[in-house]
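Novice: One structure coming up, written as structure tokens, with questions to follow.
The values are calculated or read from the model by the stated rules, or taken from the named source; none is laboratory data. Keep in mind it's a predicted model, so treat the numbers as computed, not measured. Because the Cβ atoms are built from the backbone with ideal geometry, glycine has one as well, and the counts that use them run over all protein chains shown. The protein model used for the area step is the full one, side chains on, heavy atoms only, and it has no ligands, DNA or RNA in it. Shrake-Rupley method; radii C 1.70, N 1.55, O 1.52, S 1.80 Å.
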Amino acid sequence: MKEKSNKKTKEKVLSGLVWTFGERILAQGVSFVLSIILARILMPSEYGIIAMVMVFINIANVFTSTGFGESLVQKRKADELDFSTVFYCTFSFSVVIYIILFICAPYIAEFYHTKEIILVLRVLSVKIIFSAIATVQHAYVQKHMIFKKFFFSTLGGTVVSGVLGILLAYAGAGVWALVVQYLTNTIIDIIVLFITVPWHPRLLFSLERAKSLMDFGWKLVFANLINAIYNELRSLIIGRSYSSVALAYYNKGNQIPALAITNIDTAIGTVVFPAMSEAENEERLKTIGRRAMKTTSYILFPVMIGLIVVSRPLIILLLTEKWENSIIFMQILCLYWMTQPIQTTNWQIIKAVGRSDLCLKLEVVKKTIGIIMVFIAMQLGVIAIALSAALFGFVSMVINILPNKKLINYSIKEQLLDIMPSLLASIVMGMIIYPITFIKMPTILLLAIQVIVGIVSYVGISYIFKIDSFNYILSMVREKTEDKIWRC
């Protein structure tokens, strides 16, 4: 019976990973291409204005898009009353938050010394209300592990909003092209989910259920709030103390590694968290956690090392030389993003055992250290601020690892041994492709050769040294292929 349950969970996780990876890679791949086109049309200063506004929207979104949705996923027997209760709570919070931002818009513009922000913030903040509507839909999809629904909603929103943004940019709409793109993306996501997901809000509400779910959720909300404030603090300081152009370079340098990590890492985290929450015991939870750790590290380490090496030709080719100042930020921030797979897996484990209180405590400790680093770095310049992010990533990684020795007996030593083969293989790959940078040839050809050599060398190293994650991924591919052939 236990083996049957584990096999069923494995099948759900594998199916979820296929659809979630498909959604992330295809939709975000399209989004990336569209963002490149927009970056070639629009100026860094216009991107800087959006970056300033998004600091406050991203922080405000925490109150509606995190915590309470996760409480539904974590609760083993969440029913219709739970889902509808959370829906009305998050929607009400979002309206209140929008009103606060609407009123505060002139003061935020004065803080940045940029009057254009007022109207942009008031319009783009509507995104908070739309995101709140989608929160419970997302939780329902996660809870029931029907990730196929995300594929269509995300892809539809990305394509339509991206094309609309490009048309407006060509028409000379400037910063408003980006505003319309952001809003349209969220609206289409909601519409598609309302059509495809079997859950819809009903006229049901329970104050008792709200309190029960909030008991778990509020700690995650505040943990995520601390995390969001810290993540946006650098953008806030750069935009206020330096310029919107400097902020645009920083954010654009962060965009490519963030895109790679957040999409793959989020895809795995989205699928793995429900599976962890259903784990019958600590041993099973540890098994799922170790596999997630090894797999994400194996996929993401070579991507980050590779991006550090090919950053110059990549930025010049994709964004043109007007974005050349983004190169150094991309190289530094790749080091920060390399720590995310380890952080995310440990974070999901802590949430899965129901220790949202520990999540909050860890965030307070981590972000206190991080804020001190930021305020020291801001005295030294924008590059120093980026370096402080990279250093903080490693500090935060260690802090996230520590509790799981006690919770599921997954120690730092064991985790380092799990990720070390992928890390060493990635470093060797980077050393192989680095000398190619100095060969004089067209940028597109140089980049293509580096990518091909990097992939071949990484796969070759994995095969020769029999890296566990490489063999695991191959076995999963073979299993899926054989299943399809058998069905045919």
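Novice: Looking at Leu81, Leu101, Leu72, which one is over 25 Å from Gly162 (Cα atoms) and at pLDDT 90 or above?
Specialist: Leu101
Novice: Then there is this: Of everything in segment 291-326, what is touching a Leu at 6+ places or on another chain (Cβ under 8 Å), among the β-branched types (Val, Ile, Thr) and open to solvent by 30 Å² or more (accessible area, probe 1.4 Å)? Give them in sequence order.
Specialist: Ile308
Novice: Here are Ile419, Ile449: which of them is surrounded by 13 or more Cβ atoms within 10 Å (Cβ to Cβ), among the β-branched types (Val, Ile, Thr) and more than 29 Å from Leu317 (Cα to Cα)? Give the derivation first.
Specialist: Working: Ile449 fails: more than 29 Å from Leu317 (Cα to Cα).
So the residue among Ile419, Ile449 that is surrounded by 13 or more Cβ atoms within 10 Å (Cβ to Cβ), among the β-branched types (Val, Ile, Thr) and more than 29 Å from Leu317 (Cα to Cα) is Ile419.
Novice: In segment 373-402, what residues are of a type in the set (Val, Ile, Thr) and closer than 28 Å to Ile419 by Cα?
Specialist: Scanning segment 373-402 gives Ile385, Val395, Val398, Ile399, Ile401.
Novice: Conditions: (1) surrounded by fewer than 20 Cβ atoms within 10 Å (Cβ to Cβ); (2) under 23 Å from the mean Cα position of the chain (by Cα); (3) not aromatic (Phe, Trp, Tyr). Ile195 meets all but one. Number of the miss?
Specialist: Answer for Ile195: the failing condition is (2).
Novice: If you don't mind, another one. Taking the options Tyr230, Tyr298, Tyr242, name whichever one is at pLDDT below 80 and hydroxyl-bearing (Ser, Thr, Tyr).
Specialist: Tyr230
Novice: Which count do you get for residues in segment 94-127 that are of a type in the set (Phe, Trp, Tyr), surrounded by fewer than 19 Cβ atoms within 10 Å (Cβ to Cβ) and without any contact (Cβ under 8 Å) to a residue 60 or more places away in the chain?
Specialist: Residues in segment 94-127 being of a type in the set (Phe, Trp, Tyr), surrounded by fewer than 19 Cβ atoms within 10 Å (Cβ to Cβ) and without any contact (Cβ under 8 Å) to a residue 60 or more places away in the chain: 2 in total.
Novice: Could you say which residue among Pro421, Pro341, Pro435 is under 23 Å from the mean Cα position of the chain (by Cα), part of a helix (DSSP H, G or I) and under 23 Å from Met304 (Cβ atoms)?
Specialist: Numbers: Pro421 fails: under 23 Å from the mean Cα position of the chain (by Cα); Pro435 fails: under 23 Å from the mean Cα position of the chain (by Cα).
Exactly one of Pro421, Pro341, Pro435 is under 23 Å from the mean Cα position of the chain (by Cα), part of a helix (DSSP H, G or I) and under 23 Å from Met304 (Cβ atoms), namely Pro341.
Novice: Further question: Among (1) open to solvent by 90 Å² or more (accessible area, probe 1.4 Å); (2) more than 22 Å from Ile261 (Cβ to Cβ); (3) hydrophobic (A, V, I, L, M, F, W, C); (4) at pLDDT 90 or above, which single condition is Phe394 missing?
Specialist: For Phe394, the exception is condition (2).
Novice: Going by the structure shown, is Phe91 in contact with a Leu (Cβ under 9 Å, 6 or more places away or on another chain), modelled with pLDDT of 80 or more and open to solvent by 50 Å² or more (accessible area, probe 1.4 Å)?
Specialist: The answer is no for Phe91.
Novice: Let me ask something else about it. Among the candidates Lys406, Lys480, Lys484, which residue alone is assigned to a helix (DSSP H, G or I), modelled with pLDDT under 90, basic (Lys, Arg) and within 26 Å of Thr368 (Cβ to Cβ)?
Specialist: Lys406
Novice: Can Ile332 be described as over 19 Å from Lys294 (Cβ atoms), open to solvent by less than 30 Å² (accessible area, probe 1.4 Å), within 19 Å of the chain's Cα centre (by Cα) and β-branched (Val, Ile, Thr)?
Specialist: yes
Novice: Which residues, taken from segment 199-253, are in contact (Cβ under 8 Å) with a residue 24 or more places away in the chain, more than 30 Å from Lys115 (Cβ to Cβ) and not in a helix (DSSP H, G or I)?
Specialist: Passing the criteria: Trp199, Pro201, Arg202, Leu203, Leu204, Phe205, Ser206.
Novice: Same structure again: Please tell me if Met441 is assigned to a loop (DSSP other than H, G, I, E, B) and open to solvent by 30 Å² or more (accessible area, probe 1.4 Å). Before the answer, list the steps.
Specialist: Details: assigned to a loop (DSSP other than H, G, I, E, B): yes; open to solvent by 30 Å² or more (accessible area, probe 1.4 Å): yes.
For Met441, the condition - assigned to a loop (DSSP other than H, G, I, E, B) and open to solvent by 30 Å² or more (accessible area, probe 1.4 Å) - is met.
Novice: Please specify each residue of segment 357-385 satisfying the condition of being within 16 Å of Leu236 (Cβ to Cβ) and touching a residue at least 60 places away in the same chain (Cβ under 8 Å).
Specialist: Lys367, Gly370, Ile371, Val374, Met378, Val382, Ile385 - these are the residues of segment 357-385 that are within 16 Å of Leu236 (Cβ to Cβ) and touching a residue at least 60 places away in the same chain (Cβ under 8 Å).
Novice: While we're on this one: May I ask you to verify whether Val364 is closer than 30 Å to Lys466 by Cα and either outside any helix (DSSP H, G or I) or open to solvent by 50 Å² or more (accessible area, probe 1.4 Å) (or both)?
Specialist: On the way: closer than 30 Å to Lys466 by Cα: no; either outside any helix (DSSP H, G or I) or open to solvent by 50 Å² or more (accessible area, probe 1.4 Å) (or both): yes.
Judged against the criteria, Val364 is not a match.
Novice: Please go through segment 97-133 and pick out each residue that is hydrophobic (A, V, I, L, M, F, W, C), touching a Phe, Trp or Tyr at 6+ places or on another chain (Cβ under 9 Å) and either under 30 Å from Ala78 (Cβ atoms) or not in a helix (DSSP H, G or I) (or both).
Specialist: Ile97, Val126, Ile128, Ile129, Ala132, Ile133
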